[in-house]
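Here the structure comes first, spelled out in structure tokens, and everything after it is commentary.
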Amino acid sequence: MMLDWLPPTLIGVLLVIAAIGAVRRMNLWRAGQAEKVDALAGLLAMPKRYLHDLHHVVERDKYMSRTHVATGGGFVLAMVLVVFVHLFGIDSKVLAWALLAALVMMFCGALFVYKRRMNPPSRLSKGPWMRLPKSLLTFSITFFVLTLPAAGLPIVGKLPEGFGGWLLTLVLSVLILMSLSEMLFGMTWGGPMKHAFAGALHLAFHRRPERFDGGRSTGLKPAVLGEASHGVAKPIDFKWNQLLGFDACVQCGRCEAVCPAFAAGQPLNPKKLIQDMVVGFAGGTDEKYAGSPYPNIEVGNAKGAPNQIITDGLIHPDTLWSCTTCRACVEECPMMIEHVDAIVDMRRFLTLEKGDTPNKGAQVLENIIATDNPNGYAPASRTHWAADQNLNLMKDVRQADVLFWVSDGAFDMRSQRILRAFVKLMKAANVDVAILGDEELDSGDVARRLGDDATFQSLAKRNLATLSKYQFNKIVTTDPHAFHCLKNEYGDFGSDGLLSISGESVVVLHHTTFLNQLVKDGRLQLDTFKGGKVTYHDPCYLGRYNGEYEAPRELLATLGIDVAEMERSGYRSRCCGGGGGAPITDIPGERRIADMRMEDVVSTGAELVAVGCQQCTAMLEGVVEPRPVVKDIAEILAGQLIEEKH
Amino acid sequence: MQPNINVVSLVSVGRHPQSGRARRAEQDGQAVELGLKLAGKALTVVHAGNAQEPVLRQYAGMGLPSLTVLAQESNCDALPVLVSFLKDKPIDVVLTGVRAESGESSGMLPYLLAEQLGWSLVPRVADIIGVQGDEVELLLALPRGQRRAVKVKLPIIASVDNAAQEARQTAFGPGLRAQFNVLTVESVVDESASRWQINAAKPRPKRLKVVKAKTAADRMKAATAKPMGSGGKIMKDETAAEKAQAIFDLLLEEKVVR
Ligand code: SF4
Ligand code: SF4
């Protein structure tokens, strides 16, 4: 055959072009800010991170996980073998047979990709992604035929010499060109296959390596204060590995499917947001984006460049302010992309640099700064709720087993009912407890989610200074937001320095966890619950942020309650709409998130929805009646408490 | 924005009504806001007091490239240093709050400034519409959302009413980076003030207003209507002497003059 040289040349040339593309792409990422990563450890851990952690997420969609193993695994194996067999021309039957096997595997996988693409759900992007299964099939078939002779099945060899062979080679070459352009050229020059290249490196250089091996890393990273600018204004203000992370997106739309803001018709779609980030650092417009838009915002008008302010033409600030920071997207993303980090980074710029926090945002921040609580109440009235509770103040006792972190619920009459219920339970269990009283300040949660990290950091430091004056073993709080700050975010400001009475580090607990321990220790006598059907709403900041799904359910079980689970519960729980300062920035949508959550509740037929958060309570109780009753677990338990008669 | 007019906003350290903590004073913030509207980045913002006061950064965070501080101790009188700073400068408009949130809070500063500089004083301004030649047209805030348009010859001292545009959000970054021009001034210790003893004021209980309205519309009227004085009379065509006599009689009647 005269054209024998053609296939290897094509493969070689495309590999070179792909390599050039790879370098180009890496330079785009490197335009981001420096961030230390343990490169070697990351690269070594990458295969395990892929096989274990990433697949753990993909596995939630069984169909796709099997399809991906077959297609992706088959392709990687096949590509390596193609290089040996066809580029280097190594004449080995074993290799050739292995290559054939890999191609068959890939072919089977690609068939399933094809099937899914026949009638794709709306969350999937279309456009070039619709072409991908065809390219995958072409790749596997072409190389299968091409490899047959090397495997000693010389079907091709038997074909007539001369024109026939010549024609076949030519056809095969065209097919090689087509499929390899997608697989190699597309991988590094921005086609759908980019996810494999960027995804692998993203896993290796992930900004939160703690998330692998079943770990959890949910605390926001502190903003550096006092520099020439704060937060992320332009794409190049992101860390380089954040940019890399954006590039790993496969546009699967799982994040879109779970996003409460998207479902409510607010102008946010986490998938589009990540794609816009890519448009930003690569430069260009969003014309080619082929997925669902931000609700009610037309695609095609967004423009971005690495050096251009993101909110000037790429993303509308309302998109950023619609997020409730519920982390559903992050939890669901198979590529482990960190949407919330990116959103808060950009909010920091808007608040700290532009002074442009929408609606009540400015006022709330001003209140927090001047009064240490978001509503501007007199700081001296913080302990009024406990006037009849006979609680010890840390200032007086200086030491206690439990420090009860009351949170700003102290100022709100509805939340006070939760606080009192919890105090009642602690009293019944004879807990040695004290509160900080007026020395307690807002945890800084809202300020931080609104982008004001300066105020958050100031609050964190001042709270820690107060805490370090006293001795206690545990901090327990009924507010998952304060819980998250104290447990996961104060660490950056020295909370590790807090030592318990016995000299170990202090533990921070949510009240449901703590109450569950008390019940298990037999310190609470509880009656069985005789009301109707009960369901449980997982607060985002307790569940996804802190992994506490069990304690609330165990507590309900001790009351004899068989929780009627909502379809979206546990790690998939739908946000109540109250997080991330969303009720403050209040970006209009078509529906209210709380209403949608209440519909979830209603669909279980429950008469009572148990929650573990005052914010969720407020949001869900804000839904118009008739609707199921909303109660904190502490309130339900306190109602069933068997008090000893003296 | 108005070209070529020199605007100065005076700012003080405010006090949050609930926490008693220092803050950006509301009306002073509005004075800066109005100043920014008139002069943009060319606005001069002046504070007489401690240059280290963190609250000044909150004013600067409204987007001021710089802020001028007439550095003096807290027991000094702001008036003389402000007069000597403003005097002989080609200034058109000086904006202040109606009264400070801390200190004496007498609301006298704009009046005394106007008196000593010999400029016009315009109290309780809601908005400044524009400058034509050597005249400025402004809107005064009257009770119940009413406005009065007036024209005044420049230069003026205007105190800014709560009805003016709210102060914009202050941003941490620009506040942090703003330049402070700290001027050394010859300050005068406020002798009389230093002898005063200062106590927290207790709000006086309000007399209940009994509204005997039957319908919502009546209640609305009662809440919003201008109190109609029954005694007064309007004198338009009388001579100046007659008008003066009427005022004098009233003062006698009300026992203001004896
Ligand atoms: S961000 Fe993650 S979940 Fe969302 S589309 Fe991309 S890969 Fe899928
Ligand atoms: S954190 Fe929640 S609200 Fe924000 S983008 Fe993700 S899913 Fe949507």
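Only the coordinates and a few stated rules stand behind these numbers; no lab work does. Since this is a predicted model, take the numbers as computed values, not measurements. Please note: Cβ atoms are built from the backbone with ideal geometry, for glycine as well, and neighbour counts cover all protein chains shown.
Odds and ends about this structure:
- Modelled FRET efficiency - R0 45 Å, A:Arg591 with B:Lys233, Cβ distances, 0.05 increments: 0.15
- Compactness of region A:227-353 as Cα Rg over 2.2 N^0.38 Å, two decimals: 0.95
- Computed over chain B with a Gaussian network model linking Cα atoms closer than 10 Å, the most mobile of B:Asp28, B:Asp88, B:Asp190 is B:Asp88.
- Positive-end residue, region A:193-306 charge dipole about Cα centroid, Cβ charges, pick of A:Cys252, A:Gly280, A:Ser229: A:Cys252
- Low-density loop positions, trypsin sites (Lys or Arg not before Pro), region A:1-43 - DSSP coil, at most 11 other Cβ in 10 Å: A:Lys36
- Sorted fewest first by neighbouring Cβ atoms within 10 angstrom, A:Met183, A:Met413 come out as A:Met413, A:Met183.
- The GluC sites (Glu not before Pro) of region A:457-548 meeting both criteria, a DSSP state outside H, G, I, E and B (loop) and at most 11 other C-beta atoms within 10 angstrom of the site's C-beta, are A:Glu504.
- Zone of A:Glu227's modelled label, taken as backbone nitrogen in region A:419-461 under 17 Å from a point 7 Å along Cα→Cβ: A:451-455, A:457
- Result for chain B in a Gaussian network model with C-alpha springs under 10 Å: among B:Ile247, B:Ile128, B:Ile157, the largest mean-square fluctuation is at B:Ile247.
- Inter-chain neighbour count for B:172-181: the average number of beta-carbon atoms from partner chains within 10 Å of each residue's beta-carbon is 5.
- Computed from backbone phi with θ = phi - 60° and the Karplus coefficients 6.51, -1.76 and 1.60, the 3J(HN,Hα) list for region A:102-108 is 4, 5, 5, 4, 4, 4, 4 Hz; x is used for glycine and proline.
- Tensor-based shape of region A:1-125 (alpha-carbon gyration tensor, a/c under 1.5 rounded, otherwise prolate or oblate): oblate
- Ellipsoid equivalent to region A:496-580 - semi-axes via the Cα gyration tensor, in Å: 26, 21, 8
- For region B:150-222: rounded, prolate or oblate by the Cα gyration tensor [a/c cutoff 1.5]: prolate
- Calculated from backbone phi, Karplus (6.51, -1.76, 1.60) coupling profile of region A:474-482 in Hz, x at Gly/Pro: 9, 9, 10, 9, 8, 10, x, 6, 5
- Cα-based shape type of region A:280-337, given that a ≥ b ≥ c are square roots of the gyration tensor eigenvalues and the cut on a/c is 1.5: prolate
- Gain upon complete extension [A:Arg398, A:Arg66; 0.36 nm per residue less C-alpha separation]: 113.7 nm
- Those Cys residues of chain A for which no other cysteine Cβ falls under 4.7 Å: A:Cys108, A:Cys249, A:Cys252, A:Cys259, A:Cys323, A:Cys333, A:Cys485
- Shielding by partners for peptide B:16-24, expressed as the average number of C-beta atoms from other protein chains within 10 Å of each residue's C-beta, is 6.
- For region A:53-182, pairs of C-alpha atoms spaced more than 17 angstrom apart make up 62 percent of the total.
- Counting other Cβ atoms within 10 Å as a rough exposure proxy, the listed residues A:Leu168, B:Leu70, A:Leu44 run A:Leu44, A:Leu168, B:Leu70 from fewest neighbours to most.
- Cα extents of chain B along the three principal axes, largest first (Å): 57, 45, 42
- Over 31 Å between alpha carbons, listed pairs B:Lys87/B:Lys233; A:Lys631/B:Lys221; A:Lys354/B:Lys206; A:Lys48/A:Lys115; A:Lys194/A:Lys234: B:Lys87/B:Lys233; A:Lys631/B:Lys221; A:Lys354/B:Lys206
- Computed from phi, the 3J(HN,Hα) profile of region A:421-429 under the Karplus parametrisation 6.51, -1.76, 1.60 (θ = phi - 60°) reads 4, 5, 5, 4, 5, 5, 4, 4, 8 Hz, with x in place of Gly and Pro.
- Neighbour-count ranking [beta-carbon atoms within 10 angstrom, fewest first] of A:Glu590, B:Glu53: A:Glu590, B:Glu53
- Averaging the Cα positions of each part gives two centres, and for region B:110-178 and region B:67-95 these lie 17 Å apart.
- Sequence-distant residues sharing a close amide H with A:Val508 (under 5 Å, placed H): A:Ile475
- Summarising the amide proton neighbourhood of B:Asp127: residues at separation of 5 or more, or on other chains, whose placed amide H is nearer than 5 Å comprise B:Leu139.
- The protein assembly as shown: antiparallel DSSP beta bridges as a percent of all, rounded to 5: 30
- Size-normalised alpha-carbon gyration radius of region A:456-512, reference 2.2 N^0.38 Å: 1.04
- Taking the inverse of the mean 1/r over every pair of distinct Cα atoms in chain A gives a Kirkwood hydrodynamic radius of 27.1 Å.
- Taking B:Ala167, B:Ala22, B:Ala246 as the candidate residues, the one with maximal mean-square fluctuation in a Gaussian network model of chain B, Cα springs under 10 Å, is B:Ala246.
- Residues B:Glu53 and B:Glu115, FRET efficiency given R0 of 22 Å [Cβ-Cβ distance, rounded to 0.05]: 0.20
- Full extension of the segment from A:Asp492 to A:Asn27, taken as 0.36 nm per residue of separation minus the current Cα-Cα distance, would add 164.3 nm.
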